[in-house]
Amino acid sequence: SKWTKEEDEINTELRGNGMKWDDIAKRLPGRSAMSCRLRFQNYIERKADWDEEKKNKLARLYNRFKQGMWEQVAKELQMPWRTVESMHWQLGEQEIASRANAPVF
């Protein structure tokens with residue numbers, strides 16, 4: 001059946017508090033842990049409100065932390081961090097996930 005706004009709010013709140021999917025499903029009658037997870041990952045997370053200030057803040061935070069983040073990865077690969085970051089963008093989210101054997105959410 002269709003998800004209600006209230007179910008989405010409960011799902012979001014409980015997951016935000018670190019609750020496991022099995023426990024969340026127990027609070028949402030008729031919903032399985034799998035359906036709660038899929039709803040959260042495929043709908044709720046993707047629907048996040050991104051106003052201009054949040055977009056700007058994301059850009060500022062990425063710019064602030066990217067060198068440190070990529071330096072850790074680059075150290076493991078023994079390559080310059082900018083080269084590693086560039087390859088990440090070239091591969092894209094789908095290929096990165098595929099090569100890491102991880103699902104794309």
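The values are calculated or read from the model by the stated rules, or taken from the named source; none is laboratory data. Note that the coordinates shown come from a computational prediction; the quantities given were computed from them, not determined experimentally. No Cβ is skipped: glycine too gets one built from the backbone with ideal geometry, and neighbour counts run over all protein chains shown.
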* Members of region 4-43 that are in a loop (DSSP other than H, G, I, E, B) and in contact with a Lys or Arg (Cβ under 6 Å, 6 or more places away or on another chain) -> none
* For region 13-55, name all the residues that are under 20 Å from PRO103 (Cβ atoms) and loosely packed, with under 15 Cβ neighbours inside 10 Å. => LYS20, ASP22, SER32, MET34, LEU38, GLN41, ASN42, TYR43, GLU45, ARG46, LYS47, ALA48
* Asked: In the set PHE40, PHE65, which member is aromatic (Phe, Trp, Tyr) and either over 28 Å from TRP3 (Cβ atoms) or touching a Pro at 6+ places or on another chain (Cβ under 7 Å) (or both)?
  -> PHE65
* To do: State yes or no: is ALA74 touching a Pro at 6+ places or on another chain (Cβ under 8 Å) and either free of Cβ contacts under 8 Å to residues at least 60 places away in the same chain or loosely packed, with under 13 Cβ neighbours inside 10 Å (or both)?
  => yes
* **Selection within region 54-105 - of a type in the set (Gly, Ala, Ser), modelled with pLDDT under 90 and part of a helix (DSSP H, G or I)** => ALA97, SER98
